[in-house]
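The block underneath contains the structure these notes are about, expressed in structure tokens.
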């Protein structure tokens, strides 16, 4: 049983055991794909799909412990999370603090990876993924954080992943000229009932907030990705395929990622291993989405088997799939 009442200090200790680096409430983590890139044993699908530099990826969270969803498939300890952010960290201090923390996390790699490769991973900051934990749009200075990151000489790409619960914050990113290179909005349901069941959202207007975010995406003027997390036995029924396709065709995102739920972390206490689809199952679901008439403007673009993910592209999108061409 998970203890739901914990002090922030105890949470930080717990997360540090999971190899998070902290600057106040903000955090950074070196994911397995980042480690693989340093060992020269593979790269993240974000590099394969879009050209984002996996080796130097800074995966960060400005609000590590705060989220207004409590999704049952989340690998994080969702039971600890709330939506109250008690501290607004200075974004320039956050950036420098998290760079230092990431360097500490990577310092041990000099013992079993090429020095030149480790140097590049540590000293370059080409890609930033504001997506690690919590909901980034709860951070009051998100726009300033994105602007400061984009101004850095090394920066090539900035990705932000949001649950879509704070539409006004996302719209303000456009108004303030603070949009990321690529904005992800998570999707797990095409209807309110299932949405509430999976996200455990308790906001009075949670579903309406989400729809408001979806309705504004094509007006933002940046690359838009809908990431649809597929959970076998929950949001994969044949009756939902048309609902998903109809909703997606209205939003008209540039890209759609259909990704298998992964049975890892704390989600193993809420779901079963059989809820995790294989890549073949995920790809078949994507193909069924494409077969719907409303999706005639989309095509199969790419896949990464070991990440259990399929990429669909809007044929009318003005964006090249790869932002940067890499080997």
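Each residue in segment 282-300 was checked for being surrounded by 15 or more Cβ atoms within 10 Å (Cβ to Cβ) and in contact (Cβ under 8 Å) with a residue 24 or more places away in the chain, and 10 of them qualify.
Scan segment 153-191 residue by residue and report those that are without any contact (Cβ under 8 Å) to a residue 40 or more places away in the chain and either out of contact with any helix residue (DSSP H, G or I) (no Cβ under 7 Å at 6 or more places or on another chain) or assigned to a strand (DSSP E or B) (or both). Even if it seems obvious, please write down each step before you answer.
Residues of segment 153-191 without any contact (Cβ under 8 Å) to a residue 40 or more places away in the chain: 153, 155, 158, 160, 168-169, 172, 175-178.
If the condition is that a residue be without any contact (Cβ under 8 Å) to a residue 40 or more places away in the chain and either out of contact with any helix residue (DSSP H, G or I) (no Cβ under 7 Å at 6 or more places or on another chain) or assigned to a strand (DSSP E or B) (or both), then 153, 158, 160, 168, 175, 177 are the ones that fit.
Among the residues of segment 290-327, those that are more than 22 Å from the chain's Cα centre (by Cα), closer than 26 Å to residue 198 by Cβ and assigned to a helix (DSSP H, G or I) comprise 290, 291, 294, 295. Please tell me if residue 118 is touching a residue at least 60 places away in the same chain (Cβ under 8 Å), more than 30 Å from residue 239 (Cα to Cα) and surrounded by 20 or more Cβ atoms within 10 Å (Cβ to Cβ). Taking the combined requirement at face value, the residue satisfies it.
Scanning segment 210-226 for residues that are surrounded by 15 or more Cβ atoms within 10 Å (Cβ to Cβ) and either part of a loop (DSSP other than H, G, I, E, B) or at positive phi (or both) turns up just one, 222.
For segment 284-294, the set of residues classified as modelled with pLDDT of 95 or more and either over 20 Å from residue 233 (Cα atoms) or in contact with a helix residue (DSSP H, G or I) (Cβ under 9 Å, 6 or more places away or on another chain) (or both) consists of 285, 288, 289, 290, 291, 292, listed by residue number. Which one of the conditions (1) surrounded by fewer than 21 Cβ atoms within 10 Å (Cβ to Cβ); (2) touching a helix residue (DSSP H, G or I) at 6+ places or on another chain (Cβ under 7 Å); (3) at positive phi does residue 323 fail to meet, given that it meets all the rest? Status for residue 323: all satisfied but (3). With respect to the conditions (1) at pLDDT 95 or above; (2) surrounded by fewer than 19 Cβ atoms within 10 Å (Cβ to Cβ); (3) at negative phi; (4) out of contact with any helix residue (DSSP H, G or I) (no Cβ under 6 Å at 6 or more places or on another chain), residue 279 falls short on a single one, namely (4).
With respect to the stated conditions, residue 144 fails to be surrounded by fewer than 23 Cβ atoms within 10 Å (Cβ to Cβ) and part of a loop (DSSP other than H, G, I, E, B).
Given the structure, is residue 106 assigned to a helix (DSSP H, G or I), free of Cβ contacts under 8 Å to residues at least 60 places away in the same chain and out of contact with any strand residue (DSSP E or B) (no Cβ under 9 Å at 6 or more places or on another chain)?
Numbers: assigned to a helix (DSSP H, G or I): yes; free of Cβ contacts under 8 Å to residues at least 60 places away in the same chain: no; out of contact with any strand residue (DSSP E or B) (no Cβ under 9 Å at 6 or more places or on another chain): yes.
No: the conditions fail for residue 106.
Screening residue 126 against (1) at pLDDT below 95; (2) more than 25 Å from residue 218 (Cα to Cα) leaves a single unmet condition, (1).
Residues in segment 63-92 that are modelled with pLDDT under 85, in a loop (DSSP other than H, G, I, E, B) and within 22 Å of residue 262 (Cα to Cα): 65, 75, 76, 77, 81.
The values are calculated or read from the model by the stated rules, or taken from the named source; none is laboratory data. On a predicted model such as this, the values are computed, not experimentally measured, just so you know. Cβ atoms come from the backbone with ideal geometry, glycine included; neighbour counts cover every protein chain shown.
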